[in-house]
1. Could you give me D for the stretch 1-44, from Stokes-Einstein at 37 °C and 0.692 mPa s, where the hydrodynamic radius is the Kirkwood radius over C-alpha pairs? Units µm² s⁻¹, please.
2. At 7 Å along Cα-to-Cβ for each site, give me the label-to-label distance between Asn29 and Thr7 in nm.
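We did not get these values from a lab; they are worked out from the coordinates using the rules stated. Model, not experiment: these values are computed from the prediction. Ideal geometry is used to build each Cβ from the backbone, glycine not excepted, and the neighbour counts take in all protein chains shown.
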Amino acid sequence: MGDEYCTCNGRTSIYTENDDWGFWDVCCNCNKPVECSYTYFNHYDGEDHCDYDD
Ligand SMILES: [Zn+2]
């Protein structure tokens, strides 16, 4: 087990990274992702973020 996610205390600065499926917050201090920050682009929140051509 490693420190997969940011464990910084007093974190004040983050930036956003994204891939094909969503985006997440990354700590500027340790450059590790912030746990539970991942958000899917096509999450049902009442808006269409992605179009499917099924
Ligand atoms: Zn951190």
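1. Working: Rh = 11.0 Å.
This corresponds to a translational diffusion coefficient of 298 µm²/s.
2. 1.3
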